[in-house]
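Please read the structure below before turning to the comments.
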Amino acid sequence: MKKTIGILAHVDAGKTSFSEQILYRGGAIRSLGRVDHRDAFLDLHPVERERGITVFSDQAVMDLGENRYYWLDTPGHTDFSSEMERVLPVLDYAVLIVSGADGVEGHTETIWRLLEDYSVPVLIFVNKMDRPDADFDACLNSMRSLLSPEIADLRGFDGIQMDETAIEAVAERDEVLLDRLVADDYDFDTWRAGLARLLAERRIFPAFAGAALTGEGIERFLRAMDAITDTSYDARVAEPFSARVYKVRHDDAGARMAYLKLLSGTLAPRQEIETRSGRCKVGEIRLRHGGRSLPLATAHAGDLVCVSGLAEVRPGDGLGALAGQHVAPRMEPLIQVSVDAGPEVHPTKLLQALRMLEAEDPQLRVECDGRSSGVRLRVMGGIQMEILTRLAQERFNMQLHFGPPQILYMETIASPAVGIGHYEPLKHYAEVWLRLSPGPRGSGVTFESKCHVDTLALNWQRLIETHVFERVHPGVRTGAPLTDVHIELIAGRAHLKHTEGGDFREATYRAIRNALMQAESVLLEPVVRFSLRLHADCYGRVAGELQRMQARTDAPQSVGQWMRVEGECPFRTFCDYPERFRADTHGRGSLHFELSRYAPVESPEAIIAAAHYNPLEADSPDSVFCSHGAGYSVPWNEVRTHAHCKVEL
């Protein structure tokens, strides 16, 4: 039986030490590594060993009896949440590490919500029980209050037998078992099977305890995990091939490797498979175990492998029977930075390097202004920028320089507008008419063609759709990315002799800009949903801060001496609050926040003025026409009188 287990935790909960113990006692490694000794098996990159934190998700393979485990270690730092989230769609089970001394922390709640979103069954290990300030009962109550009431004390279960507490915890969640317990009809195999079923259905979350540094409780947890985690991949081998990509990396030679989980069927080298961009031939297939990799002749359902030859796939893409299905991440960066590598590095070389990093982390969203040669990235925080600097130096021999972080605003429109883009320098020709309409909040950019194929051939219409989605289109107020807009192709024209693909790119871009110049634009800002846990005597000070930040809070909840406050707040007033919160609570509270939605800025004038954005210079809404063998520019507000298509609006 093949099982994929992911290990997740708030930073410094002891996740890496726990992985070392599991892999050592499971026979996957010969000696124990330690974070402070900089020799942990799954901390492969030098920066991980130097900093003592996990930055990249990596895997090990472990065999226990007839079961094969793929063990996926994930980052715990919030700056690398997207790296952690990318592995969740391929997990069969997750192990959540919680510090017995610190309890549920801010990022622990973020992880829990993501596990719930992806419907991943969870086992919990309360770590650091060797510390004098560790308290399992207090931690268990905290987890039941903040995470789920279905978290059960299963310390009395070791895969071989159950104590009375464990028996009752399982029975009270299953009516049949409860009736048997009342009738004093207990047998271990029935209870074990019931516990496995409840775990798979996320109706129980077993909690164990121990100390990863000393190995206390590890053997018991390993036996329990092996006994109650079941999968059905053996029965799926005969089904058609399907897989999910969860990571993209480049090897030392620069070759692109896609990491994927086979969900059904088999895969062999040189086999053709379906991807979102069409059929592709797989190159070599390799099995990764820490820093080592082994070639495979065939991979089967349940295997985690890395393959070459899939140039266009992205993390989250489905393959084979799942081609066209993409799992989009929930975690989104809220800040953007400009980046350059100094005058000695050509902008094209910088862009190529960043595109390679973007293939590995799509959340970076590399944006380039072709006219100013400016490059921007979306990042989660300062630690991520430091890691990017290190990677660029090691892999591309370039030193990155980042501008000051800026809040990632967005722009949309409040009313429909029609834009025309005409591109006709000598021996080129394309004209595009687009209607832009406000879309539902959170819908992004959508496209629909309402142009008849007799007016414009289908191949040109598809090309226009490609150009709509191939880049981030800037708004006209601050240059922020355009979102929540529905774009309709209503007319277009090509020339039998002179039209080329690039002509429609120019016409499409200009049509979008032309429409935005006429529409009522709206500046949107990120609004975050926050959750604060603080001691009751700090509430007054924190409540005052939240009011000054224009936060909208729910009624506070009391849990003993602690209080829980939830609400929403504009990120521009909240972004520097975590540091103040730590000071206000003397380091005794926890803070968690995530993007909730984008909403119109109430008073955008100051933000627009600070952007110093000129929509006519940055990305032209004007069009190019031809007369007497020469092209000439027509201002955006005069294009309609020069346009060649005749459209009734």
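Here are a few things to note about the model shown:
- Among the residues of region 588-606, the ones that are open to solvent by less than 50 Å² (accessible area, probe 1.4 Å) and touching a Phe, Trp or Tyr at 6+ places or on another chain (Cβ under 8 Å) come to 4 in all.
- For region 252-290, a residue qualifies if it is of a type in the set (D, E, K, R), in a loop (DSSP other than H, G, I, E, B) and in contact (Cβ under 8 Å) with a residue 12 or more places away in the chain, and the qualifying residues are R270, R276, E284.
- Pairs, first at negative phi in region 479-508, second basic (K, R), C-beta under 8 Å, six or more apart: I487/R435; E488/R435; E488/K450; L489/K450; I490/R435; I490/K450; H498/K427
- Selection count, region 228-262, where residues are surrounded by fewer than 17 Cβ atoms within 10 Å (Cβ to Cβ) and not charged (D, E, K, R): 9
- Residue selected from region 576-587 under the condition open to solvent by less than 60 Å² (accessible area, probe 1.4 Å) and either in a strand (DSSP E or B) or not charged (D, E, K, R) (or both), by the criterion modelled with the lowest pLDDT: G587
- The set of residues from region 227-238 being part of a helix (DSSP H, G or I) and either without any contact (Cβ under 8 Å) to a residue 12 or more places away in the chain or farther than 17 Å from R155 by Cβ (or both) comprises Y233, D234, A235, R236.
- Listed by first and then second residue, the pairs with beta-carbon distance under 7 Å, at least 6 apart or on different chains, first residue in region 63-82 and within 18 Å of H592 (Cβ to Cβ), second surrounded by fewer than 20 Cβ atoms within 10 Å (Cβ to Cβ) and not aliphatic (A, V, I, L, M), are T78/G381; D79/G381; S82/P329.
- Checking G492 against (1) at pLDDT below 95; (2) in a strand (DSSP E or B); (3) not aliphatic (A, V, I, L, M), the condition it does not meet: (1)
- Hey, E506 acidic (D, E), assigned to a strand (DSSP E or B) and touching a Phe, Trp or Tyr at 6+ places or on another chain (Cβ under 8 Å) or not: no
- You will find that of L534, L458, the residue that is at pLDDT below 90 and more than 18 Å from D619 (Cβ to Cβ) is L534 and no other.
- Checking V379, V327, V305 one by one, the residue that is closer than 30 Å to I273 by Cα and within 18 Å of the chain's Cα centre (by Cα) is V327 and no other.
- Residues (charged (D, E, K, R), in a loop (DSSP other than H, G, I, E, B) and either more than 26 Å from E386 (Cα to Cα) or open to solvent by less than 10 Å² (accessible area, probe 1.4 Å) (or both)) located in region 78-107: D92, D102
- Leading residue by the ranking (most open to solvent (accessible area, probe 1.4 Å)) among those in region 432-485 that are polar (S, T, N, Q) and part of a loop (DSSP other than H, G, I, E, B): T455
- Looking only at region 281-319, residues that are surrounded by fewer than 20 Cβ atoms within 10 Å (Cβ to Cβ) and among the hydrophobic types (A, V, I, L, M, F, W, C) come to 5 in all.
- Residue that is closer than 30 Å to E85 by Cα and either touching a Gly at 6+ places or on another chain (Cβ under 7 Å) or open to solvent by less than 30 Å² (accessible area, probe 1.4 Å) (or both), where the choices are T110, T165: T110
- Members of region 391-426 found to be among the charged types (D, E, K, R), modelled with pLDDT of 90 or more and open to solvent by 40 Å² or more (accessible area, probe 1.4 Å), listed by number: none
- Candidates are the residues of region 171-226 that are part of a helix (DSSP H, G or I) and of a type in the set (D, E); the one that is most open to solvent (accessible area, probe 1.4 Å) is E175.
The values are calculated or read from the model by the stated rules, or taken from the named source; none is laboratory data. No experiment lies behind these values; they were computed from the predicted model shown. Don't worry about glycine lacking a Cβ; one is built from the backbone with ideal geometry, like all the others, and counts go over all protein chains shown. Protein only, heavy atoms only, side chains kept; ligands, DNA and RNA dropped before computing areas. Shrake-Rupley method; radii C 1.70, N 1.55, O 1.52, S 1.80 Å.
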